[in-house]
Amino acid sequence: MNIASPSIVGVLVAAYLLGSVPFGLLLTRLFGAGDLRSIGSGNIGATNVLRTGRKGLAAATLLLDLAKGAAAVLLARAYVPGTEALAAFAAVIGHCFPVWLRFNGGKGVATTMGVSLGLAWPIGLAYAVVWLGMLAATRISSLGGLCAVIAAPIAAKVLGYSAYAPVLAAIALLVIWLHRANIARLRAGTEPRIGSKG
């Protein structure tokens, strides 16, 4: 695969741009919830949207961030078969480092679930089970997301989708790095739980 070929460059650019759409920021502005970057953690993801008190907007943000990841992979598969993994990585990079927001975006958990579903629905299902299971058990959003991104490449390997394990592992490393402050708070026992005021 020649990564410099026009078709592959096109996939990478399109997936990046699709991933970079900041739905959380757009929805909170559109519905009068303020500038998301000045609320809570300043993150543009669904967890921070939830801190506005608008549960519907948080749910919509999560679904749209998930959908853009899945769409990037599915469109790559449809138009340039074999580039799905590249599109998955580019979409997550777009979400985390959007050009529109001076490369200061989200942490990639929902979009990673979307690309996992797009690559192979069993991987996405495993991701969802781990994410939601940890959320239900701990009510700590970051912990649920971290466990899910770690589970994704393992699920790919175990479920027979080994070709996707490397890109999911690379995405997991990125998401873990972006959560380094959360990890420090988890170790200190100060990471806030969903529904708390912390």
Problem - Every residue from segment 71-88 that is surrounded by fewer than 22 Cβ atoms within 10 Å (Cβ to Cβ), touching a residue at least 40 places away in the same chain (Cβ under 8 Å) and on the phi < 0 side of the Ramachandran plot - result: 71, 74, 75, 77, 79, 80, 85, 86
Practice task
Tell me which of these residue 193 doesn't satisfy, since it passes every other one: (1) more than 25 Å from residue 93 (Cβ to Cβ); (2) basic (Lys, Arg); (3) in a helix (DSSP H, G or I).
Solution key: (3)
Fill in the blank from the handout: Of the conditions (1) surrounded by fewer than 19 Cβ atoms within 10 Å (Cβ to Cβ); (2) of a type in the set (Lys, Arg); (3) closer than 26 Å to residue 25 by Cα, the single one that residue 157 does not satisfy is (3)
Fill in the blank from the handout: Counting only residues that are in contact with a Gly (Cβ under 8 Å, 6 or more places away or on another chain) and under 17 Å from residue 174 (Cα atoms), segment 112-130 contains a total of 5
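Matching residues to (1) surrounded by 21 or more Cβ atoms within 10 Å (Cβ to Cβ); (2) within 20 Å of the chain's Cα centre (by Cα); (3) acidic (Asp, Glu); (4) modelled with pLDDT under 85:
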| residue | (1), (2), (3), (4) |
| --- | --- |
| 1 | no, no, no, yes |
| 5 | no, no, no, yes |
| 13 | no, yes, no, no |
| 16 | yes, yes, no, no |
| 22 | yes, yes, no, no |
| 39 | no, yes, no, yes |
Practice task
Test residue 47 against the criterion of being assigned to a helix (DSSP H, G or I), of a type in the set (S, T, N, Q) and touching a residue at least 40 places away in the same chain (Cβ under 8 Å), and give yes or no.
Solution key: yes
Exercise for the section: Could you list, in sequence order, all residues of segment 130-168 that are at pLDDT below 95 and not in a helix (DSSP H, G or I)? Expected result: 139, 140
Exercise for the section: Go through 29, 51 for me and flag whichever is touching a Gly at 6+ places or on another chain (Cβ under 8 Å), of a type in the set (D, E, K, R) and more than 17 Å from residue 99 (Cβ to Cβ). Expected result: 51
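The values are calculated or read from the model by the stated rules, or taken from the named source; none is laboratory data. All values derive from a computational prediction rather than experimental measurement. Ideal geometry is used to build each Cβ from the backbone, glycine not excepted, and the neighbour counts take in all protein chains shown.
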